[in-house]
Amino acid sequence: MNRFRWFGVVSKAGLVSWALITGIAVNSAWAGGHELLSERTAEQQELAGRFQTFIDRMEQKYFARMEKLNGETTYEEKYITTDYAEWDMRVARGPVVEKGGRMLGMVMKTVPNAIQPADVGWGRFYSFDIHPKTPLVGQIHAVILLQLYEN
């Protein structure tokens, strides 16, 4: 039986902060990754493709909005690789939205003592954060995780 898990969380989301986004996402090169998405079922491939399309679309909207609000925006990028995942982080800094960033993780294998004991066949972790300069506007933190398991 094929199993997949979809998990999303949004916290500390003020209405004004949410209006800043209206959309976010990442590198299409990760759409298949090295996890052999071709070994997944047609349904799983379609779900993974929809998720990657969402990520790509959101990335364009998110950082375009940061640039529009901030004017001059500086970017920081960082890549980290572990035995369990590869992480791609990008942060935009500016005078209005002091810090807005996203983190994309390409899950490669299940961590020890995981709640889900099955092996991950394909996985993506996607999160974004917005920290406006003014404390009068709420912050936002959102996480979406999609994992397709071997069993």
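The values are calculated or read from the model by the stated rules, or taken from the named source; none is laboratory data. Just so it is clear, the structure is predicted and the values come from calculations on it, not from any experiment. A quick note on method: Cβ atoms are made from the backbone with ideal geometry, for glycine too, and the neighbour counts reach across all protein chains shown.
Look through region 74-95, keep the residues that are among the acidic types (Asp, Glu) and either within 16 Å of Gln139 (Cβ to Cβ) or without any contact (Cβ under 8 Å) to a residue 60 or more places away in the chain (or both), and return whichever of them is surrounded by the fewest Cβ atoms within 10 Å (Cβ to Cβ).
We begin by selecting, within region 74-95, every residue among the acidic types (Asp, Glu); these are 76-77, 83, 86, 88.
When the remaining residues are screened for being either within 16 Å of Gln139 (Cβ to Cβ) or without any contact (Cβ under 8 Å) to a residue 60 or more places away in the chain (or both), the result is 76-77, 83, 86.
Working: Glu76: 11, Glu77: 9, Asp83: 7, Glu86: 16.
Going through the qualifying residues, I end up with Asp83.
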Is it the case that region 96-107 has a residue that's under 30 Å from Lys68 (Cα atoms), among the aliphatic types (A, V, I, L, M) and surrounded by fewer than 17 Cβ atoms within 10 Å (Cβ to Cβ)? yes
If Gly71 meets every condition in (1) on the phi > 0 side of the Ramachandran plot; (2) in contact (Cβ under 8 Å) with a residue 40 or more places away in the chain; (3) not β-branched (Val, Ile, Thr) apart from one, which number is that one? (2)
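Answer yes if at least one residue in region 109-119 is touching a residue at least 40 places away in the same chain (Cβ under 8 Å) and either in contact with a Gly (Cβ under 9 Å, 6 or more places away or on another chain) or surrounded by 17 or more Cβ atoms within 10 Å (Cβ to Cβ) (or both), and no otherwise. Please lay out each step first, then the result.
Within region 109-119, the first condition is being touching a residue at least 40 places away in the same chain (Cβ under 8 Å), and the residues that meet it are 116, 118.
Then keep just the ones that are either in contact with a Gly (Cβ under 9 Å, 6 or more places away or on another chain) or surrounded by 17 or more Cβ atoms within 10 Å (Cβ to Cβ) (or both); that gives none.
The answer is no, given that none of the residues of region 109-119 is touching a residue at least 40 places away in the same chain (Cβ under 8 Å) and either in contact with a Gly (Cβ under 9 Å, 6 or more places away or on another chain) or surrounded by 17 or more Cβ atoms within 10 Å (Cβ to Cβ) (or both).
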Find the residue count for region 128-151, including only residues that are without any contact (Cβ under 8 Å) to a residue 40 or more places away in the chain and either in contact with a His (Cβ under 7 Å, 6 or more places away or on another chain) or assigned to a loop (DSSP other than H, G, I, E, B) (or both). 6
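For region 36-51: of the residues being surrounded by fewer than 16 Cβ atoms within 10 Å (Cβ to Cβ) and part of a loop (DSSP other than H, G, I, E, B), which is modelled with the lowest pLDDT?
Of all residues in region 36-51, those surrounded by fewer than 16 Cβ atoms within 10 Å (Cβ to Cβ) come to 36, 38-39, 41-43, 46, 49-50.
Checking which are part of a loop (DSSP other than H, G, I, E, B) leaves us with 36, 41.
Numbers: Leu36: 62, Thr41: 85.
Filtering region 36-51 for residues that are surrounded by fewer than 16 Cβ atoms within 10 Å (Cβ to Cβ) and part of a loop (DSSP other than H, G, I, E, B), the one modelled with the lowest pLDDT comes out as Leu36.
Looking at Tyr75, Tyr126, Tyr84 in this structure, which one is under 15 Å from the mean Cα position of the chain (by Cα), of a type outside the set (A, V, I, L, M) and within 30 Å of Gly49 (Cβ to Cβ)?
Values: Tyr75 fails: under 15 Å from the mean Cα position of the chain (by Cα); Tyr84 fails: under 15 Å from the mean Cα position of the chain (by Cα).
Answer to the check: Tyr126.
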